[in-house]
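Asks: Can you read through this structure? Questions will come right after.
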Amino acid sequence: MTKKQNLLKKKLKNKFYLSLFFVIILNIIIFPNFSCSENLSAEEYSRVEFVLGTVCQIRLLTALPKKKVDKVFDDCFAELVKLDAIFNANTEHSDYGIGELDRTEISELELVNQNAGKEPVPVSKELFELLKITIDIAEKTDGAFNPAIGALVKCWDIGFSGKSVPPKKEILSTLAISNFHDIELKETKSSSGKIEYTVFLKKTGMRLDLGGVAKGYAADKLSSIIRRFGIENALIDIGGNVFALGKNSKGQDWSIGLKNPNIGEQGIAGVLHVSGLSVVTSGNYERYFKEDGKIYHHILDCKTGYPVETRLNAVSVISDKSLYADLLSTTCFVLGEEKSRNLIVELRKKTGSEISVLFFYKDNSVRLISEDKLSLEVKSPFAF
Ligand code: AMP
Ligand code: MG
């Protein structure tokens with residue numbers, strides 16, 4: 001085990017109560033299934049760690065020997081630690097991912113941010129790839145999803161120190177350095193034939209933020225690792241960003257509960273029964289503060305610089321690619337139902353991915369855009 005993984009383990013112990021708290025506020029609920037396994041040779045294994053700024057749980061159903069299962073977990077969590085060191089946007093927040101562990105290190109994304117307006121920074125294929133995908137979505141949605149939103153996110157700092165509305169002047173000046181057209185990506189082949197990637201942010205103070213998509217990207221990476229070991233039945237949960245592979249221990253589809261998105265209310269709004277699908281929710285209830293009776297949540301509108309004003313409370317996306325589930329839950333929350341429709345049709349065609357979207361409105365009405373067969377129960381008072 002590497003030094004970083006050991007530190008993470010230690011940190012997890014310290015974070016035990018915090019983790020419990022997080023598990024309770026996750027936007028999904030996975031119904032445990034403690035009954036006897038249908039497949040008697042398969043056993044269920046689970047590991048939980050605090051990484052990517054959240055609680056990550058992996059459950060595996062397999063007949064592989066324990067030693068091999070430990071290797072699968074080790075590989076999965078090593079991948080998460082690696083991705084955290086690339087995508088972490090909050091390295092100076094004491095309770096965020098690797099930031100607290102080793103103050104001498106900063107993430108790759110942070111390095112790009114610190115060199116904004118100065119010079120291009122060599123980056124990993126992972127950061128380059130995710131930036132390309134998100135810039136493409138930003139172009140298709142006129143910046144509804146904006147990977148260059150980092151300075152605005154920091155200005156509000158919702159969910160961390162931000163507890164009041166920042167001055168309008170500050171919001172507007174931050175917006176001016178949050179334009180995704182100012183991200184310059186370059187891919188060059190060195191003399192040895194190696195491909196090198198660089199990212200340059202053209203404006204001083206500009207910042208990238210991939211918090212709206214990194215967990216989905218990570219869940220896809222984990223599903224590949226798990227499948228590579230020949231494990232077909234598993235559940236990946238990265239802070240509520242869920243990917244259900246195969247079947248549960250009863251041989252049935254996994255049951256994923258969607259949290260009631262009305263602020264202050266408990267319980268669930270619905271249950272999805274899924275196999276081979278990821279379920280991700282973006283909602284105004286996840287991180288917010290209240291000022292003068294008004295809720296200010298963490299999903300921001302780059303047209304105004306303020307949290308998105310919408311009739312929606314939450315959007316859940318169900319897809320065979322967790323990347324799209326995560327990316328689109330945030331994007332569709334910003335776009336709203338009507339503008340999301342064309343984007344979903346286009347992406348389904350372009351990527352061949354299954355994509356279904358559930359919209360939860362403040363009046364408890366629910367709308368679904370789907371071409372795929374979904375097993376979904378919506379609980380009262382929520383209704384189609
Ligand atoms: P999620 O919970 O996946 O919807 O992601 C929300 C996070 O994405 C926020 O905490 C910000 O870090 C970031 N974010 C907020 N608004 C946007 C936006 N319009 N485009 C891209 N990322 C955003
Ligand atoms: Mg998202």
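The values are calculated or read from the model by the stated rules, or taken from the named source; none is laboratory data. All of these numbers come straight from a predicted model, not from anything done at the bench. All Cβ positions, even for glycine, are placed from backbone atoms using ideal geometry, and neighbour counts span all protein chains on display. Ligands, DNA and RNA are excluded from the accessible area calculation, which covers all protein heavy atoms including side chains. Shrake-Rupley method; radii C 1.70, N 1.55, O 1.52, S 1.80 Å.
Asks: Among the listed residues Glu170, Glu129, which satisfies the condition of being more than 30 Å from Ile344 (Cβ to Cβ) and of a type in the set (D, E, K, R)?
Replies: Just a single option satisfies the conditions, and that option is Glu170.
Asks: Evaluate region 373-384: report whether one residue or more is in contact with a helix residue (DSSP H, G or I) (Cβ under 9 Å, 6 or more places away or on another chain), modelled with pLDDT under 95 and open to solvent by 60 Å² or more (accessible area, probe 1.4 Å).
Replies: No, region 373-384 has no match at all.
Asks: While we're on this one: Check off (1) open to solvent by less than 10 Å² (accessible area, probe 1.4 Å); (2) within 19 Å of Asp136 (Cα to Cα); (3) within 13 Å of the chain's Cα centre (by Cα) for Ser316 and give me the number that stays unchecked.
Replies: Of (1) open to solvent by less than 10 Å² (accessible area, probe 1.4 Å); (2) within 19 Å of Asp136 (Cα to Cα); (3) within 13 Å of the chain's Cα centre (by Cα), only one is false for Ser316: (2).
Asks: Gly293: modelled with pLDDT of 95 or more and either open to solvent by 10 Å² or more (accessible area, probe 1.4 Å) or of a type outside the set (A, V, I, L, M, F, W, C) (or both), yes or no? Even if it seems obvious, please write down each step before you answer.
Replies: Numbers: modelled with pLDDT of 95 or more: no; either open to solvent by 10 Å² or more (accessible area, probe 1.4 Å) or of a type outside the set (A, V, I, L, M, F, W, C) (or both): yes.
Considered against the rule, which asks whether it is modelled with pLDDT of 95 or more and either open to solvent by 10 Å² or more (accessible area, probe 1.4 Å) or of a type outside the set (A, V, I, L, M, F, W, C) (or both), Gly293 comes out as no.
Asks: Looking at region 80-118, which of the residues that are more than 19 Å from Cys56 (Cβ to Cβ) and of a type in the set (Lys, Arg) is modelled with the highest pLDDT?
Replies: Result: Lys118.
Asks: Can we say Gly143 is within 16 Å of ligand 2 (Cβ to nearest atom), in contact with a Phe, Trp or Tyr (Cβ under 8 Å, 6 or more places away or on another chain) and among the small types (Gly, Ala, Ser)?
Replies: Values: within 16 Å of ligand 2 (Cβ to nearest atom): yes; in contact with a Phe, Trp or Tyr (Cβ under 8 Å, 6 or more places away or on another chain): yes; among the small types (Gly, Ala, Ser): yes.
Answer is yes for this residue.
Asks: Residues being farther than 17 Å from Ser319 by Cβ, within 12 Å of ligand 1 (Cβ to nearest atom) and open to solvent by less than 10 Å² (accessible area, probe 1.4 Å): count how many of those fall in region 203-223.
Replies: Selection size over region 203-223: 2.
Asks: Of all the strands (runs of 3 or more DSSP E) wholly in region 228-298, which have at least 2 residues that are within 16 Å of ligand 1 (Cβ to nearest atom) and in contact (Cβ under 8 Å) with a residue 40 or more places away in the chain?
Replies: It comes to 233-238, 241-245, 254-259, 277-283, 288-291, 294-297.
Asks: All but one of (1) open to solvent by less than 50 Å² (accessible area, probe 1.4 Å); (2) assigned to a loop (DSSP other than H, G, I, E, B) hold for Phe200; which doesn't?
Replies: (2)
Asks: Can you report the number of residues in region 224-244 which are open to solvent by less than 10 Å² (accessible area, probe 1.4 Å) and closer than 22 Å to Ser41 by Cα?
Replies: 6
Asks: Now, a different point. How many residues does region 324-378 hold that are in contact (Cβ under 8 Å) with a residue 24 or more places away in the chain, more than 16 Å from ligand 2 (Cβ to nearest atom), in a helix (DSSP H, G or I) and in contact with a strand residue (DSSP E or B) (Cβ under 7 Å, 6 or more places away or on another chain)?
Replies: The total comes to 2.
Asks: Please work out which residue is farthest from Asn233 (Cα to Cα), limiting yourself to region 46-78 and to residues that are open to solvent by 20 Å² or more (accessible area, probe 1.4 Å) and in a helix (DSSP H, G or I).
Replies: Ala78
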